[in-house]
Amino acid sequence: MTDQVILVTGGNRGIGTAIVSLLVQLGAQVAYTYRSDPGDQANVLAIPADVTDLEAMAEAAATAEQKLGAIYGVVANAGITRDNFFPKLTSADWDAVINCDGYGIAN
């Protein structure tokens, strides 16, 4: 992974933070997106972007490439939680979780 540019969506918390840290340890140049709190990771490029906004993600990718070089890979990690038993999950909560992929599949 040495010097490969990797873009991680939702890299500012939880599993995303661990993914970013591992990629840095493996020698990758890492950019990650965040929606609210950028976190405090060192030696990475934090880019504010909402994965449900296709235009924002295109801009995030362009920013990463402009600052780090061509993107070698993407880790689609961003997600949201709307916990409930499936029969009690509202359609709006279902759509919010599914739409978090950045591709608007549920639209």
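Just one residue in the set Arg35, Arg13 is surrounded by fewer than 22 Cβ atoms within 10 Å (Cβ to Cβ) and in contact with an Asp or Glu (Cβ under 6 Å, 6 or more places away or on another chain); that residue is Arg35. If I filter region 48-70 for residues that are assigned to a loop (DSSP other than H, G, I, E, B) and touching a residue at least 60 places away in the same chain (Cβ under 8 Å), do I get at least one hit? So far as region 48-70 goes, yes, one or more of its residues are assigned to a loop (DSSP other than H, G, I, E, B) and touching a residue at least 60 places away in the same chain (Cβ under 8 Å). Every test in (1) touching a Ser or Thr at 6+ places or on another chain (Cβ under 7 Å); (2) outside any loop (DSSP other than H, G, I, E, B) is passed by Leu23 save one, and that test is (1).
Every condition in (1) modelled with pLDDT of 90 or more; (2) surrounded by 14 or more Cβ atoms within 10 Å (Cβ to Cβ); (3) touching a strand residue (DSSP E or B) at 6+ places or on another chain (Cβ under 6 Å); (4) not acidic (Asp, Glu) is met by Asn77 except one, and the failing one is (1).
The values are calculated or read from the model by the stated rules, or taken from the named source; none is laboratory data. Remember, it's a predicted structure, so these values are computed and weren't measured experimentally. As a convention, Cβ positions derive from the backbone with ideal geometry for all residues, glycine included, and neighbour counts pool all protein chains shown.
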